[in-house]
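Reviewing the structure listed below.
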């Protein structure tokens, strides 16, 4: 199954799920706010995808699955660590998994969650966990209460994702096979819901491919908040004519352009503040001279 067909089936699975009056309900605490409010939707998404036959895992569950399967096939811990960190695109650096998570998995311990991961859910679409270790899709789940007006939410750190691309490109150049950049995939799932007494009802769901986005249409890159790209998933605009290398290049150019605009605005504001301070100092200095 190619990725286009896989995405089509994934979207159909989720759309059919929210049409079901029972499956479309998600229990969620009314006290849950901020990032905590999204957690039930991550589990819900995993469960719905599994019900449709997808091998979908929460981020820490996926690492546990991989290590257990490889140990079952007779691989030693040091070999598993090498294969994950050196022979996969998702094991690169600390972008998707952390070293403490991998250490816990190799020791058979409970794997801690990793808030800095680029993935909430990881979908494995290969046939053999060893031969197809790079056949995974990172999925980032974003949820939004439609009755609450809000600005575009944080999606991902532009700085961090560009650093990831830099490391990924370098690894792709050094490697012979597979080409890691070709295997890398990151999708966003936007879940839009209404809250009722005791549960939330999903009323809309959208799937977007990060590598297909028209980055010139990004509403905000917030340089004051961890350099976050802010964008509602439902409003993301995709381009079918763009490849991954062109996307990376476009995002880098857009980042630099907006950074320069940000610095220019900040410089003008700072110059205004400094000039006003100088003026006030001179006023007070002259006043002291006249009074002396």
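The values are calculated or read from the model by the stated rules, or taken from the named source; none is laboratory data. Small disclaimer: the values here were computed from a predicted structure and weren't measured. Cβ coordinates were reconstructed from backbone atoms using ideal geometry, including for glycine residues, and neighbour counts include every protein chain displayed.
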Residue check for residue 262: touching a residue at least 12 places away in the same chain (Cβ under 8 Å), in a helix (DSSP H, G or I) and in contact with a helix residue (DSSP H, G or I) (Cβ under 9 Å, 6 or more places away or on another chain) = no
key: Selection from the stretch 197-216 of residues that are closer than 24 Å to residue 22 by Cα and assigned to a strand (DSSP E or B)   = 199, 200, 201, 202, 203, 204, 205, 206, 207
request  = Output the residues belonging to the stretch 217-229 that are surrounded by fewer than 17 Cβ atoms within 10 Å (Cβ to Cβ) and touching a residue at least 60 places away in the same chain (Cβ under 8 Å).
outcome  = 219, 220, 225, 226
ask   = Conditions: (1) farther than 25 Å from residue 126 by Cβ; (2) modelled with pLDDT of 95 or more. Residue 227 meets all but one. Number of the miss?
value = (2)
remark   = Over the stretch 222-237, the set of residues within 17 Å of residue 188 (Cα to Cα) and either in a loop (DSSP other than H, G, I, E, B) or in contact with a strand residue (DSSP E or B) (Cβ under 6 Å, 6 or more places away or on another chain) (or both) is 228, 229, 230, 231, 232, 233, 234, 236, 237
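Any idea which residue in the stretch 19-34 is surrounded by the fewest Cβ atoms within 10 Å (Cβ to Cβ), counting only those that are modelled with pLDDT of 85 or more and either under 20 Å from residue 153 (Cβ atoms) or in contact with a strand residue (DSSP E or B) (Cβ under 7 Å, 6 or more places away or on another chain) (or both)?
The selected residue is 25.
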